[in-house]
């Protein structure tokens, strides 16, 4: 007994719909990222001299680079510097203001797409005139 054409078409349409649903689900669901389990670096003498910040931290075993963010706390936590791939364990940031307070955040990067969720936060009080 032959299967009617409309039944074959319905089966094929259901199969295509099923495949498209699988593709959509796998595309739009959040992916499990390879998030680093690296520890936070340790502050190693970060300073603010009025016109620049000098940030230094300890090396983290397994880190391929470091992610650094600098925020001006006196300007509503404005992001004033950002670098996702600092290769060493220090960074100078120029153009800061005397008397301002700054927050520095540093995280270790691994070989995956995301940096470690463990960060060091260093608050540097501004040099008052």
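The values are calculated or read from the model by the stated rules, or taken from the named source; none is laboratory data. Just so we're clear, the structure is a prediction, and the values are computed from it rather than from any experiment.
Looking only at the range 80-95, residues that are assigned to a loop (DSSP other than H, G, I, E, B) and within 26 Å of residue 118 (Cα to Cα) come to 3 in all.
Between 14, 67, 8, the distinction of being within 23 Å of the chain's Cα centre (by Cα) and either at pLDDT below 85 or not in a loop (DSSP other than H, G, I, E, B) (or both) belongs to 67 only.
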